[in-house]
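Just below is one structure, and these are the notes that go with it.
The values are calculated or read from the model by the stated rules, or taken from the named source; none is laboratory data. Computed from a predicted model, the values in this text were never measured in an experiment. Counting neighbours? That spans all protein chains shown, and the Cβs are built from the backbone with ideal geometry, glycine included.
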There are 2 protein chains.
Amino acid sequence: MSSPIDNRPVILTGDRTTGPLHLGHYVGSLRNRVALQHSHRQFLLLADTQALTDNAHDPDRIRRNVLEVAFDYLAVGIDPAATTICVQSALPALAELTLLYLNFVTVGRLERNPTIKTEIQLRGFERDIPVGFLCYPVAQAADITAFKATLVPVGEDQAPLIEQTNEIVRRLNRQVGRDVLPEAEAMIPMVGRLPGIDGKAKMSKSQGNAIPLSASPDDIRQAVRGMFTDPDHLRAVDPGKVEGNVVFTYLDAFAEDKDFVEELKARYRKGGLGDMVVKRQLENILQALLAPIRERRKRFAGDPGYVLDMLRQGTLRAKERTEATFAELRAALGLFTFT
Amino acid sequence: MSSPIDNRPVILTGDRTTGPLHLGHYVGSLRNRVALQHSHRQFLLLADTQALTDNAHDPDRIRRNVLEVAFDYLAVGIDPAATTICVQSALPALAELTLLYLNFVTVGRLERNPTIKTEIQLRGFERDIPVGFLCYPVAQAADITAFKATLVPVGEDQAPLIEQTNEIVRRLNRQVGRDVLPEAEAMIPMVGRLPGIDGKAKMSKSQGNAIPLSASPDDIRQAVRGMFTDPDHLRAVDPGKVEGNVVFTYLDAFAEDKDFVEELKARYRKGGLGDMVVKRQLENILQALLAPIRERRKRFAGDPGYVLDMLRQGTLRAKERTEATFAELRAALGLFTFT
C-alpha cells in the first residue's frame, strides 16, 4: 500500500473500544482524522488491550465495541485505503515492546505521571490500582514507537504521555548509540472539548449526556430539545446568556455559517430570541450532519463481513510495520534473534 | 512430538540467561531435570526476557548467554527429543499473557510479594525499581500458565511466586466460569543450595566462588585446593569440624558412596586426617563428574548451527503450545479474535 518514498508525517491515534462514538469524538478527533488522512500517513488503533486495563471484569463489552467503533470510523468517512485501521490486541509486537520498555521505566516515574495520578483519583483506585492501568503510559509508548509515529493527537491533559514516550525513546537511542526510534510530538486539537447536552464538561455515554453518531432523527430532536441553555432565560423577550449555553457551544462547533451564529448570539443576548428558535437551528444542522453518517453506519453494520475483512487487512499491514520496528530495535540492542 | 494422550505431569523450568551454569545449578536443578525428563513432560525456558528485567543496560550479555546455557543443558544430558528447550523472547504469547494478567493484579499486591521485597532490597532498587522487575512475578505466571505447567521446581524462598500464579489462575477461572487454566504446584528440591567454594551461602559466578560446568581439569584442581574447610584445623593430627566445611558439603552432594563419606567424616572429626587427603577424594569425584560434561559441552559449542536448530525446533513447539493457551483464554474471556 505504501510507497517506499512515503515521506508524509506518521500519525498514530485511535480509541479505547468501550462504547460507540458520539458527537464529542466527532468534534475532538474524527473530523480531523478525515481531514488529515491524505496529507498524513495515518494509523488508527482500535485499542481493546488498553480498554481492558480498567475493564478486565467485562471483556465482552470491549470485544463488542471493536466492531462498533470500526462502524463509526467508516461512517464518518475514514477511508481504509488511505488510513490503516487495526486491532491492538492482534498486534503481538505491541505487547512485546511494552514488556521491553517496562525495564527502562521506574515505578516511581509512573506514579509521578500527572495524567495517571488524575485518572487513578477519578477511578477511585488508590492502592488497588491494577498494574496494567499504572503501566498504560508505557503501553502507549510501545504503540506510538511501534508505528514510528511522529504526530500523536492528544487532549491537553495527556501531553505527559507523550513526554513519557520520548523519555523512553531517548533512553533507548542513547543506549544503542543512534536514533533507532523517532521522538513523537503531541497534536493538541484546536477545538476544545464538547460539553454534554446537560452542560457538564464532558460528553460521555456513561453520563447519559451524549449524542451517539448512530442517533435517530428522533433521538437528535429530543437531545436538542432537552439541551441545557441559560437557566435564567425564562421568557423569550428577556436577554439571555450565551456563555455556558450548550446550544450556542454546539452551534460554534457545528454551524458552517459563523456570521449567522454571531447574529443569533447578538439577538439572544439582547432579548427577544426564544430558546426554541435557536434549538431548531441547531437541530437542523445536526440532522443534516448525522443523516448521511447514520445511513453509512447502517450499511456497514449490515455487512460485518466486509468490515472484518477491512480490519484483517489493516491489522496485517500494521503487524508488518510493528514487527519490523521490534525486530530493528532488538537487533540494535543486540538481543537474541533467530535468523 | 507429543501424543494426544500424553498424561504426564507438565514441568516448566529454566534459567535466566545471565551467565554459563555451574555446579550449584547442577546440584539444585540440572540433575533433577535429566532424571525427570522421561516420566514428565518438561519445558525448559531460556529466560532472556526475564534476565533483561534487571540487565536492561547490558542486553549483549543476555544474548550471548542464551547459547551458553543451551550448551550447558545439552552437556549435562538434557535430551532435546524428550525435553522442549525454548527461547523466552521468541514466544510472543508470553508477553501478551503478561499484559493481560497485569490487569488482574494490583500494584499493592506485587509490592507485598515477599520474594520481590527481598530481591528489591538485595539489588538496592528502593524507589528506582524498574517496572519490569516489579512485574516479573506476573510474567512468571504467564510463563507457567502458557505451558499449562502443573509442576514448577523452585527454591523454598520462591514459593510466593507460585502463590501469585495460582491467584491469577483462580481469578481468571472464576471469571470465565470453568477451569481454563490449571493451578501449579511448587516442587521444592530435596537437596539444599550448594555453597560457594569460599564457604559463602551461594555459589555465584559474580562472587568468583563458582565452579562452572566448563571448568578445565586445572580449574577444578585449583578450586578444590583453595576450598574453605575448618579454619581451626591447622594440623592433620588435630580433630576437625565437618559442619560448614565446604569439602564435606560437596562430598555429601556429589559422592555416590555415602558410607565412604561417613567414614571420612568420622576420621576427620577424630583427628589424623589432613585436608589435602579429603580434598583429593573430592577432586577425583568432581573430575570424573565434569570430564564427560566438559567434553560434550565442547562438542556442542563447536557446532552452534546444530544447537541453534535444536532451539528453533523447541521454540516452534513451545510457540504452538503457548499460543494455543492464549487463544483458548481469549475465547473463554470473550475477547476479540479474528476467525
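Would you mind stating whether B:ARG321 is basic (Lys, Arg), out of contact with any helix residue (DSSP H, G or I) (no Cβ under 9 Å at 6 or more places or on another chain) and either at pLDDT below 95 or within 26 Å of B:VAL69 (Cα to Cα) (or both)?
no
Among the numbered criteria (1) surrounded by fewer than 24 Cβ atoms within 10 Å (Cβ to Cβ); (2) within 9 Å of chain A (Cβ to nearest Cβ); (3) touching a residue at least 60 places away in the same chain (Cβ under 8 Å), which one does B:ARG123 miss?
Only one criterion is unmet by B:ARG123, namely (2).
Any idea which residue in the range B:33-54 is nearest to the chain's Cα centre (by Cα), counting only those that are in a helix (DSSP H, G or I) and facing chain A (nearest Cβ under 8 Å)?
Ranking the qualifying residues of the range B:33-54, first place goes to B:ASP48.
Which pairs have Cβ atoms under 6 Å, sit 6 or more apart or on different chains, and link a residue in the range A:244-260 that is crowded, with 18+ Cβ neighbours inside 10 Å to one that is part of a helix (DSSP H, G or I) and not aliphatic (A, V, I, L, M)?
These pairs meet every condition: A:VAL247/A:LYS279.
Can we say B:LEU21 is aliphatic (A, V, I, L, M), within 17 Å of B:LYS205 (Cα to Cα), more than 11 Å from chain A (Cβ to nearest Cβ) and under 15 Å from the mean Cα position of the chain (by Cα)?
When the stated conditions are applied, B:LEU21 passes them.
Just to be sure before I move on: is A:GLU243 assigned to a helix (DSSP H, G or I) and of a type outside the set (Val, Ile, Thr) in the structure I sent?
It is false that A:GLU243 is assigned to a helix (DSSP H, G or I) and of a type outside the set (Val, Ile, Thr).
Can you list residue pairs whose Cβ atoms sit under 6 Å apart, with the first residue in the range B:104-119 being touching a residue at least 40 places away in the same chain (Cβ under 8 Å) and hydroxyl-bearing (Ser, Thr, Tyr) and the second being in a helix (DSSP H, G or I) and surrounded by fewer than 20 Cβ atoms within 10 Å (Cβ to Cβ)? Count only pairs 6 or more apart in sequence or on different chains.
Hits for this filter: B:THR115/B:GLN158; B:THR115/B:PRO160.
Out of all the residues in the range B:57-80, which are within 17 Å of A:THR337 (Cβ to Cβ) and not charged (D, E, K, R)?
Once the filter is applied, which keeps residues that are within 17 Å of A:THR337 (Cβ to Cβ) and not charged (D, E, K, R), the range B:57-80 yields B:PRO59, B:ILE62, B:ASN65, B:VAL66, B:LEU67, B:VAL69, B:ALA70.
Can you name the residue in the range A:117-133 that is touching a helix residue (DSSP H, G or I) at 6+ places or on another chain (Cβ under 6 Å) and in a helix (DSSP H, G or I) and is also nearest to A:ALA184 (Cα to Cα) among such residues?
Looking at the filtered set, the residue picked out is A:GLY132.
Name the pairs: first residue in the range B:167-188 and farther than 21 Å from A:HIS57 by Cβ, second residue of a type in the set (Asp, Glu), Cβ to Cβ under 9 Å, at least 6 apart or on different chains?
Note: pairs meeting the criteria are B:ALA186/B:GLU156; B:ALA186/B:GLU163; B:ILE188/B:GLU156.
Could you identify the single residue in B:ALA184, B:ALA149, B:ALA215, B:ALA210 that is farther than 30 Å from B:PHE104 by Cα, touching a strand residue (DSSP E or B) at 6+ places or on another chain (Cβ under 6 Å) and surrounded by 19 or more Cβ atoms within 10 Å (Cβ to Cβ)?
After ruling out the rest, the residue left standing is B:ALA210.
Do the conditions hold for B:LYS279, that is, is it under 22 Å from B:GLY192 (Cα atoms), assigned to a helix (DSSP H, G or I), basic (Lys, Arg) and touching a residue at least 40 places away in the same chain (Cβ under 8 Å)?
Considered against the rule, which asks whether it is under 22 Å from B:GLY192 (Cα atoms), assigned to a helix (DSSP H, G or I), basic (Lys, Arg) and touching a residue at least 40 places away in the same chain (Cβ under 8 Å), B:LYS279 comes out as yes.
So which of A:ASP6, A:ASP54 ends up being touching a Gly at 6+ places or on another chain (Cβ under 9 Å), at pLDDT below 95 and of a type outside the set (Gly, Ala, Ser)?
Result of the check over A:ASP6, A:ASP54: A:ASP54.
From the list B:ARG312, B:ARG269, B:ARG321, B:ARG296, which residue is surrounded by fewer than 18 Cβ atoms within 10 Å (Cβ to Cβ), away from chain A (no Cβ under 14 Å), within 28 Å of the chain's Cα centre (by Cα) and part of a helix (DSSP H, G or I)?
Step by step, each of B:ARG312, B:ARG269, B:ARG321, B:ARG296 is checked, and only B:ARG296 is surrounded by fewer than 18 Cβ atoms within 10 Å (Cβ to Cβ), away from chain A (no Cβ under 14 Å), within 28 Å of the chain's Cα centre (by Cα) and part of a helix (DSSP H, G or I).
When both residues are 6+ apart or on different chains and their Cβ atoms are under 6 Å apart, which pairs have a first residue that lies in the range B:216-230 and is more than 16 Å from B:ILE285 (Cβ to Cβ), and a second that is part of a loop (DSSP other than H, G, I, E, B) and among the charged types (D, E, K, R)?
Once the first residue is more than 16 Å from B:ILE285 (Cβ to Cβ) and sits in the range B:216-230, its partners that are part of a loop (DSSP other than H, G, I, E, B) and among the charged types (D, E, K, R) give B:PHE228/B:ASP198; B:ASP230/B:LYS241.
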